[in-house]
Amino acid sequence: MLTGSTILLTGGTGSFGSRFVPMTLAKYKPRRIIIYSRDEMKQWEMAKLYGHLPEVRFFIGDVRDRDRLYRAMDGVDFVVHAAATKIVPTAEYNPFECVKTNINGAMNVIDACIDKGVKRCVALSTDKASAPINLYGATKLCSDKLFVAGNSYSGADKCRFSVVRYGNVMGSRGSVIPFFLSIKDKGVIPITDPRMTRFMISLEQGVELVWHAFDDMVGGEIYVKKIPSMNIVDIARAVAPGSAHETVGIRPGEKLHEQMIGVEDAPHTYEYDEHFKIIPAIHNWSKDPVRIRDGRAVAENFAYSSDNNAAWMPIEDLQQWMTDNAEKIGQF
């Protein structure tokens, strides 16, 4: 579907864009990928890798700027919306700014996609949008709802919108693995709570889920990748074997376990071999056989969280992943 197309990626110089661009260029050979972001320094750094390619273009702009989005989307076929204010404490201390980017920005993207004739748009979400306890999660839940409803707003023959939801990416900048690596020589690893669990997903898996969403979507679906969990203590043991652990307590706005599908969504959730799909109840879409395809309805009380997961990553697997990706950890 993406072969020969023009793709615009908001927030394109972030973690997701760092893998989406080379993987998509290699697999689909699009006519053009437009990197839309507001950080000129990150664009300059990224241009050193891809600026020589005629398929890659850079466009300075902010999703808050409706007019700039309209200009950037001229001739665009597909949009991946990755731009967001994501750091939990930053959102708590700058709530108006978080709302402007994550909610107002989402509305601008939706309007621009519809009015400029974009075919399909996939928005990136987060586990924190499921039963949110912090402002970042609350704004992303609102964003998810906006993109789902955008399908009825656009009309039957215009842009289709869907959402991809996943948790923290292994080894991403500011996440727990590079943090533990940076202090492992001290001999003591701080553990928020020994009961804490987290989902484990690679950027490559995130990109592949977006590809699948573009290919599979009818409109309004929320895609959730099946991925393994790990206990925080096991992550520490994988990163710094033999180090002592010090329990320091959960930070404000932090959950003990990650959740990507809540029990309230169970009546509209379907299971597939490698992912789940939440289909919205509006317009009776959750009963639509075209959206459901070969999905299997989940149990009535189903919830998908990192503590009740059927799949768990062994310490040895994480250590092998760190060996294979040593140069990338903390760099994206």
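Restricting the first member to segment 186-197 and to residues that are of a type in the set (Gly, Ala, Ser), and the second to residues that are surrounded by fewer than 14 Cβ atoms within 10 Å (Cβ to Cβ) and part of a strand (DSSP E or B), the beta-carbon pairs closer than 8 Å and six or more apart or on different chains are Gly187/Ala244. Scanning segment 237-267 for residues being over 25 Å from the mean Cα position of the chain (by Cα) and surrounded by fewer than 14 Cβ atoms within 10 Å (Cβ to Cβ) gives a total of 7.
Between Thr3, Thr13, Thr24, which is of a type in the set (Val, Ile, Thr), closer than 23 Å to Gln205 by Cβ and touching a residue at least 40 places away in the same chain (Cβ under 8 Å)? If you could, list the steps in order and put the result at the bottom.
On the way: Thr3 fails: touching a residue at least 40 places away in the same chain (Cβ under 8 Å); Thr13 fails: touching a residue at least 40 places away in the same chain (Cβ under 8 Å).
Among Thr3, Thr13, Thr24, only Thr24 is of a type in the set (Val, Ile, Thr), closer than 23 Å to Gln205 by Cβ and touching a residue at least 40 places away in the same chain (Cβ under 8 Å).
The set of residues in segment 140-176 being in a loop (DSSP other than H, G, I, E, B), farther than 16 Å from Ile227 by Cβ and among the aliphatic types (A, V, I, L, M) consists of Ala156 alone. Mind listing whichever residues of segment 16-46 are at pLDDT 95 or above, of a type in the set (Gly, Ala, Ser) and farther than 16 Å from Leu2 by Cβ? The one that is at pLDDT 95 or above, of a type in the set (Gly, Ala, Ser) and farther than 16 Å from Leu2 by Cβ: Ser37.
I'd like to check which helices (runs of 4 or more DSSP H) are fully inside segment 1-107 and have at least 2 residues that are of a type in the set (D, E, K, R). Before you say what the answer is, go through the steps one by one.
Working: elements: 15-28, 40-50, 66-72, 88-93, 95-99.
Fully inside segment 1-107 and qualifying: 15-28, 40-50, 66-72.
Identify all residues within segment 204-250 that are of a type outside the set (A, V, I, L, M), touching a residue at least 60 places away in the same chain (Cβ under 8 Å), assigned to a loop (DSSP other than H, G, I, E, B) and within 24 Å of Ile329 (Cα to Cα); write none if there are none. Residues satisfying the conditions are Lys226, Pro228. Summed over segment 113-142, the residues that are closer than 15 Å to Gly219 by Cα and over 12 Å from the mean Cα position of the chain (by Cα) give a count of 6. Condition (residue is polar (S, T, N, Q), out of contact with any Pro (no Cβ under 6 Å at 6 or more places or on another chain) and surrounded by fewer than 19 Cβ atoms within 10 Å (Cβ to Cβ)) applied to segment 277-284: is it met by at least one residue? Scanning segment 277-284, I find at least one residue that is polar (S, T, N, Q), out of contact with any Pro (no Cβ under 6 Å at 6 or more places or on another chain) and surrounded by fewer than 19 Cβ atoms within 10 Å (Cβ to Cβ), so the answer is yes.
Looking only at residues in segment 177-203 that are within 17 Å of the chain's Cα centre (by Cα) and not in a loop (DSSP other than H, G, I, E, B), the one that is nearest to Lys255 (Cα to Cα) is Arg198.
So that you can scan it fast, the table gives a plain yes or no per residue for (1) closer than 16 Å to Tyr166 by Cα; (2) among the aromatic types (Phe, Trp, Tyr); (3) in contact with a Gly (Cβ under 7 Å, 6 or more places away or on another chain); (4) at pLDDT 95 or above:
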| residue | (1), (2), (3), (4) |
| --- | --- |
| Ser202 | yes, no, no, no |
| His212 | yes, no, no, yes |
| Glu221 | yes, no, no, yes |
| Met230 | yes, no, no, yes |
| Ile250 | no, no, no, no |
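For segment 301-311, the criterion of being on the phi > 0 side of the Ramachandran plot and either of a type outside the set (Val, Ile, Thr) or assigned to a loop (DSSP other than H, G, I, E, B) (or both) is satisfied by no residue at all.
Looking at this structure, is Ala123 aliphatic (A, V, I, L, M), modelled with pLDDT of 95 or more, farther than 23 Å from Ala303 by Cα and buried (at least 24 other Cβ atoms within 10 Å of the Cβ)?
Details: aliphatic (A, V, I, L, M): yes; modelled with pLDDT of 95 or more: yes; farther than 23 Å from Ala303 by Cα: no; buried (at least 24 other Cβ atoms within 10 Å of the Cβ): yes.
Spelling it out, it is not the case that Ala123 is aliphatic (A, V, I, L, M), modelled with pLDDT of 95 or more, farther than 23 Å from Ala303 by Cα and buried (at least 24 other Cβ atoms within 10 Å of the Cβ).
Residues that are in contact with a strand residue (DSSP E or B) (Cβ under 6 Å, 6 or more places away or on another chain) and surrounded by 16 or more Cβ atoms within 10 Å (Cβ to Cβ) were ranked within segment 288-302; the one that is nearest to Ile261 (Cα to Cα) is Val298.
Pairing residues of segment 80-94 that are over 20 Å from Val163 (Cα atoms) with residues that are assigned to a loop (DSSP other than H, G, I, E, B), at Cβ distances under 7 Å and at least 6 apart in sequence or on separate chains, gives Val88/Asn134; Val88/Gly253; Ala91/Thr85; Ala91/Asn134; Glu92/Asn134; Glu92/Gly253. Pull up segment 269-293, narrow it to residues that are in contact with a Gly (Cβ under 8 Å, 6 or more places away or on another chain) and part of a helix (DSSP H, G or I), then point me to the one that is nearest to Val218 (Cα to Cα). Ranking the candidates gives Arg291 first. Can you confirm whether Tyr50 is out of contact with any Leu (no Cβ under 7 Å at 6 or more places or on another chain), over 27 Å from Tyr136 (Cβ atoms) and among the aromatic types (Phe, Trp, Tyr)? So Tyr50 passes the test.
The values are calculated or read from the model by the stated rules, or taken from the named source; none is laboratory data. All values reported here derive from a predicted model rather than from experimental measurement. Because the Cβ atoms are built from the backbone with ideal geometry, glycine has one as well, and the counts that use them run over all protein chains shown.
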